Structures are given as structure tokens and as C-alpha cells.
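A short worksheet on the structure shown next.
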């Protein structure tokens, strides 16, 4: 799929989503939570961009903001050749069929008083002029596509297990033949043996319908499986974005390194041998981020400059973006070994 | 681990049933295990496999009705915990057996300071006065790595982050020098980097205090890193039990094998497609008269539907409840 000459379907530029904080007797605005604070990325047609990070880093907010489920603070979002960053909500309606969302909690995102058929049919009612029979036929097709038995169309969500409910949510997202789907932690609420079923289904559907995914997850091993490229977020900013293999083999940003090393290894002999990078402390509050680099309070290779200047987010080698002062010496033309060398110097600092 | 040491906790044939309108749900079926001093026993299984209910039954934490701990023995400190009166049980809980729950927010009381909550078991179980308890509480917070412990005692739970709250929970569980610590998914609600901190803390604490730990989780990665022995549960039963290295290198039960295959790795070869376990976990309504895994199993045969397999010893402290012998690749003798 990569050879098709990648063309971005979604282009996000300097997206900011700040939520105001009101306090005091007169509910005056006293500050803001910078949930997403200047994020830029492209999602190529047919690819899966993984968006990973810890809870509170702004990854879900970012996913929702990209679909304009919020009125964004600033920035531009181009989906399928149309700028939607400042489009009023009423004008967005006609765009909705192209961009859909699968939510984290299938329990909460399905109306318990609607049958499965009604749930999957609702987007068709809203956006198409199909006859009732046509709609019902379409619902049947969708249920087949996601591996649900058509006979259960008249049942209510409570009669289904978590994995099946997630399939209902996926069928609803597919109903209008979207091009772009934001999957917001679609497997986080499921058991391991069910997670694999849903991930395989998402991959099959991608192939079948040529879908483009933004896959939001905190599960780094699952993202390694499903994503073509991976973006890592920390405190409202993307700190690193790279093709999957490169990111997992050779992470550049110290936060990515720590995050990867914290993932438990399901092999007892390896798990006990590997030296983990244990980060100290907690994530700072997004309403009061530290001066300089957002990660400077926990970074194992922090330098003086990190506490003063915010590192620029830039391409340090082809296809690899990072925002870290460790890579200041490498400009855009630096060859691919640059990353490797910088890596070595980081490791050296750690051992000292 | 000395092999001949007497177990601190020994559970035999524990059976717990929930009475519901849909019938009796057999949540725990003849579960047996023992815990040696200083050892960490990992319990893995999916939600609904009975791992939490097992631990709650043996401490009498389940409301009855609907729960009914129908039979079994739980030997701790020379007593059968299923037969002792409520008062003795209360002195064991939070005293000699500590418990850490999954969600640190809902298990701490939001209207009391953290200090008061750590001091409570100290005053109840150890008979300390306020001053002694306060000094000990501060010591405990320092032990679990909370900076500025003296001042933090006066803070409320909402002033702590998720990882810090879980440290507070661990401090409470450790308050009375327990011989056994039962940790029920203690890191599931936490982020990976915070989980790594808690796992590291747990390793340190075990070295310092030498208590035995039962660690319940659904994450095989966590188990691989910390456990000495592992018990795999499915459908309310123990389906496999082995020392940790043995379990990962030589899994005998088809469920364990499938489970190990379904998890994608962050290192090594990346599979083009994930292996899946078809179907859904069993409902467990009605007594188990057949193997709970048979409908999702790739080696099941007619005997699996007729009988529930017992745990077969396969050597090296390893047993598996399966009629199919993975070593010979053939069914076991009837």
C-alpha cells in the first residue's frame, strides 16, 4: 500500500485545542488547559497512523478535534481536500459521511434503547435518501462485513458481549462509506483474546474498503501491529513521528525510549534482563506546562537549554520527525545515520 | 525459594456460586493452590475467569446472597478462614493479609486524609496510639516512595495522582506487616510508565519485607517480569499452573498457548496477522460438566464435552487441566 505514492488524505497543521478554566465568584476565565497545543501531522491515504501516549496527553482530544467534534482554538485541518478547521458546525454536516469515529467504550456509545438495526441505520436515515427496504438491506450487508449474525438485528446492545458491541460501533461508522475513521482506543475496554479479533477485523475492513485510520491507543504493542506510522504525544504535543519499524527499532526522543522500555515484555528471561528506563514523577498539568520542553521535568537526558527553549518539531531524517534539543546539530539534510549517532550519544549520557 | 517450606496460605477445592435469576453461576470451581513464604504467585485470566472472586471468597469479602462459598478449605496461620467467625476474619483482613485493589480512586475514602486512612489499620490491628500510628504512617509513605511524606499525610486522595494513590494503597496494605499481600490488578488502571514505577517498587518491597504476594492481572507481560509461579484461570477453573519460565517456554494448555500467541510483541518479529481465539468465554451457568474451553479449543475431541478435565501433573511443578497431552501430541489415557 505504501508504493502508491502516498498522498495525504488528512493534513493537520498547528492544531490547538485549549479548554478555558473558570473560577471565582464571577466565573472569570483564569487560565486554560492546553489539551492539544500545536500538533501537526499528515495521514496518508490508505495508511493507519497510530497515535500513542499516556492518559491525559491529549491524544483523544486530538482525535476528536480533527473530526471537529470540538470548535478548535486554532490551526488548520484539511480532510479530503477540504479545509474544515473554521467551518461552522452546520456546514460540516455534509462532510460527516467521509469522516467517522469508533469510540472507546462500546457500552457507553450505543443507545441502550435502540435495536442494533436502528443503531446502524441511524446514519443512513440522517444522510441518505434510501428507501426503508434499501436501508435494511444495507444494514444486513454491514452486519455481515463486521461478522455479526443478521438474525440478531432486532436485539438490543445489552444482549451482546463487549467485542460484539464494538463490532456494532464499527458497522455504524462504516454505514456511510467513509474514507477516514478515527478509532479512539477501540480495544482498550476488551479482553486480550477479543482485542485480536477486533484488530483483525479493522485490518480486513481497511483492505476491503480502502479506509484510512487514525488509531488512538495507549497499547504500544498493538499499535506496532496495526499502524503504518506512529506519532507519540506528550502533554499536548507530538514529540516524535516516524514509520513504525524505525520508531520501535530506534526511538529518537527520550520520552519514546522510556515509553517503549516500560512496556512489559511477555518473556520471563528477557523481561528480567532488560534494563528499564524508569521515569521519575508524574506528567505535569496541561494547564501549567513547564517552561522550555514539556518533558524537561522527567527527561533522563535533560540539558540546560531544555529548561529555557522549547524544541522545534522538525524532520531530523527522511520521514522521521521529533521535537528534542538532542538533535539540534542535525538539520533537514542530515542523512539517516544521524539518528543513530544521536542515539549513541544519548545512551552514553545515560551510562555516565 | 525453599521447596519444602510450609505454605503460608493453602487453598483446597474452593467453590463459589452466585445465585442469579438466570440460574446459578459457577464462578469458582474447585480451585486449589498454595503460596509459599516470600513467593510471588501470578494469577492470569480474562475478565470473568474467576480470579478476583477466588481471592475475595477466601477473605469472605463477597456479599452473601448472592454469593455462596459452597465448599473448600483455606488454611492460613493454622486456621480455616472459611470456618472462623467474622471477628477473626476481620483481624486477618488488613492485618496479616493485605489487599490492594485495582482502582486506587474508588478504594480510598475521598473525605478522609491519606494519613487517617493509613493510621486506621495501625490503630485497629496493632493497638497503636495516635502518635505511634502517625510516625509509622510516615515511615510507610517513605517506604513506598512518596516524597515529603510528613506533609503529604494531611492531604486528601484527590490531591494525589493515580500512581501516587496506588502507592498509598500499597502503604495501607503493608501497614501491619502482612505475611501475604493480595494485589488485584494493581497496575491495570495506570499508564505504562507509572506501571513500571509500581512494578519496580514491588520488587524492592519484596526484597526488603519478604512477604508472599498473589498478583492478579490479565497482562502476561507483567507476570513475566515479576512472578515466580503462575496460575492461569479460565471459566472459573485453574487450567494451568507452572513456574514462570516453564509456563512461557513450555505452555501445555491450549488456552495458555493461544493466549501467548494473541499478544503482539513490541520487539522481535512482527506478525502479519494476529492469531485469534475464536468465540466467546463461557457463561458458567450450571455446574461445569465439560471442559470450559472446548468450544474455542483447536485440539478438543469428544471426551472434552463429556467430562471436565482434572489437573494433570506434567512434571517440574507444572500441571495442566487438559485431556490432550501436548508433549505426546495425543489424547491422554482415559
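Bear in mind these aren't lab numbers, they're just calculated from the coordinates by the rules spelled out. Predicted, not measured: the structure shown is a model, and the values here were computed from it. We place every Cβ from the backbone using ideal geometry, glycine too, and count neighbours over all the protein chains shown.
For the range A:112-214, what is Rg from Cα atoms divided by 2.2 N^0.38 Å, rounded to two decimals? Taking N as the residue count of the range A:112-214, the ratio is 1.03. Shielding value for B:267-273 is 4, the average number of Cβ atoms from other chains within 10 Å of each residue's Cβ. Legend: P(r) of the range B:210-334 from all alpha carbon pair distances, 5 Å bins from 0, whole percents, reading 2, 10, 20, 22, 20, 15, 8, 3, 1, 0. Measure nothing fancy, just the Cα-based angle from helix B:130-143's long axis to the longest principal axis of chain B, in degrees from 0 to 90, nearest 10. With rounding to tens, the tilt is 50 degrees. Given a cut-off of under 8 Å on Cα pairs at least six residues apart, what relative contact order in percent is computed for chain B? This gives 20 percent for chain B. As a rough footprinting exposure proxy, the listed residues B:332, B:206, A:155 were ranked by other beta carbons within 10 Å of their own, and the order from fewest upward is B:332, A:155, B:206. Over chain B, dividing the summed -39,500 (n - 2.57) contributions of all DSSP H runs of at least 4 residues by the number of residues returns a 222 nm mean residue ellipticity of -9000 deg cm²/dmol. Distance distribution P(r), the range A:1-85, all Cα-Cα pairs, bin width 5 angstrom from 0: 3, 13, 22, 20, 15, 11, 7, 3, 2, 1, 1, 0 percent. Nearest 10 degrees is fine. How inclined is helix A:162-174 to the longest principal axis of chain A, computing both from alpha carbons? With both axes taken from Cα atoms, the answer is about 80 degrees. Within the protein assembly as shown, DSSP assigns beta bridges of which about 65% are antiparallel (rounded to the nearest 5).
From the square roots a ≥ b ≥ c of the eigenvalues of the alpha-carbon gyration tensor of the range B:129-263, which class results: rounded (a/c under 1.5), prolate (a/b over b/c), or oblate? Here the range B:129-263 falls in the prolate category. Shape summary: the protein assembly as shown maps onto an equivalent ellipsoid whose semi-axes, from the alpha-carbon gyration tensor, are 42, 34, 26 Å in decreasing order. Among B:44, B:314, sorting on how many other beta-carbon atoms sit within 10 Å of each Cβ, with the fewest leading, yields B:314, B:44.
Most simply put, the range A:144-251 has about 55% antiparallel DSSP beta bridges, counting only bridges with both residues inside it. When both the range B:170-215 and the range A:276-334 are represented by their alpha-carbon centers, they are found 32 Å apart.
So how tilted is helix A:116-127 from the main axis of chain A? Cα-based, degrees 0 to 90, rounded to 10. Computed tilt is about 80 degrees. Under the simplified labelling scheme, the residue A:273-residue A:23 pair shows an inter-label distance of 5.1 nm, with each label point 7 Å from Cα along Cα→Cβ.
Taking the number of other C-beta atoms within 10 Å as the exposure measure, put B:143, B:190, A:214 in order starting with the fewest. Before the final figure, lay out each step's value.
Numbers: B:143 18, B:190 23, A:214 27.
The order, fewest Cβ neighbours first, is B:143, B:190, A:214.
Peptide A:274-280 is shielded by partner chain Cβ atoms: per residue, an average of 4 of them sit within 10 Å of its Cβ. Dividing the mean sequence gap of close Cα pairs (under 8 Å, 6+ apart) by how many residues the range B:233-334 holds gives a relative contact order of 32 percent. When only Cα pairs below 8 angstrom with a gap of at least 6 residues are kept, chain A shows a relative contact order of 18 percent.
Extent of chain A along its three principal axes (Cα atoms, max minus min coordinate, largest first): 70, 58, 43 Å.
Just the number, please: percent antiparallel of the DSSP beta bridges in chain A, rounded to the nearest 5.
Details: 31 of 49 bridges.
Here the antiparallel bridges make up roughly 65 percent for chain A.
For peptide A:281-290, compute the average count of partner chain beta-carbon atoms within 10 Å of each residue's beta-carbon.
Values: counts 7, 9, 5, 0, 1, 0, 0, 0, 0, 0.
Mean shielding by partner chains, rounded to a whole number: 2.
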